[in-house]
Amino acid sequence: MFQVVIHGRGGQGVVTASELLARSGFAAGLQVQAIPSFGSERMGAPVVAYTRFSESKILTREPIYNPDAVIIQDPTLLRTMNVFEGLLPDGWAVVNTRESPNEVRVGCPDAPSAAAAQETTEIYKTVGGRELALLVDQPAGWLPPQTQPQD
């Protein structure tokens, strides 16, 4: 099973991103789960969503405590909560930020060595007219090591 935790704020598309990831896994023939988790339903409040992928039936319905990957849509969360908590030792992260992966690691000692930093907010402001930070295709150099294209 591969498990992903997505962190962001209300209105950034965290739940939508989780559902899109799950739909893409389902289209690829996997068993999937997308679980939103949020407190007050208001713009800007912290939101977490969980996505699971498996080749066999997924029986658990609980939050993900030890993800294989984390996606951080709002970089301010890097300094306000431990978004890397429970991340597996070989896990990886994708962060929506202008900082380089090394700058993210300096500011967050718990950041994994396989961290990708890609600023996507401006793209979504242009396309959608407001600040969104959905997961976008990452350039090959930002992919986690096990998914790097082979020559």
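Throughout, read-outs are computed from the coordinates displayed, never taken from laboratory work. Keep in mind the model is a prediction, meaning the values are calculated, not measured. When we count neighbours, we look across all protein chains shown, and the Cβ atoms used for this are built from the backbone with ideal geometry, even at glycine.
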task = Please give, to one decimal in nm, the separation of the simple spin-label points placed at Y65 and M81, each 7 Å out from Cα toward the Cβ.
result = 1.7
Separation of the L88 and K57 label points, Cα + 7 Å toward Cβ, nm = 2.3
ask   = Among 28-34, 43-49, 71-77, what's the highest-first ranking by average C-beta atoms within 10 angstrom per residue?
value = 71-77, 43-49, 28-34
task = Whole Å is fine, so just give me how far the alpha carbon centre of segment 2-47 lies from that of segment 65-79.
result = 12
task = Name the residues whose placed amide hydrogens come within less than 5 Å of the amide hydrogen of Q33, ignoring near sequence neighbours (fewer than 5 apart) on the same chain.
result = R52
message = Using DSSP to call loops (not H, G, I, E or B), can you name the chymotrypsin sites (Phe, Trp or Tyr not before Pro) in segment 43-116 whose Cβ has at most 11 other Cβ atoms within 10 angstrom?
response = Y65
inquiry  = For the ranges 8-17, 94-103, what's the packing order if you count other beta-carbon atoms within 10 Å of each residue, average per peptide, and put the highest first?
reply    = 8-17, 94-103
ask   = Where Rh denotes the Kirkwood radius from the mean inverse Cα pair distance, what is Rg over Rh for segment 1-87?
value = 0.97
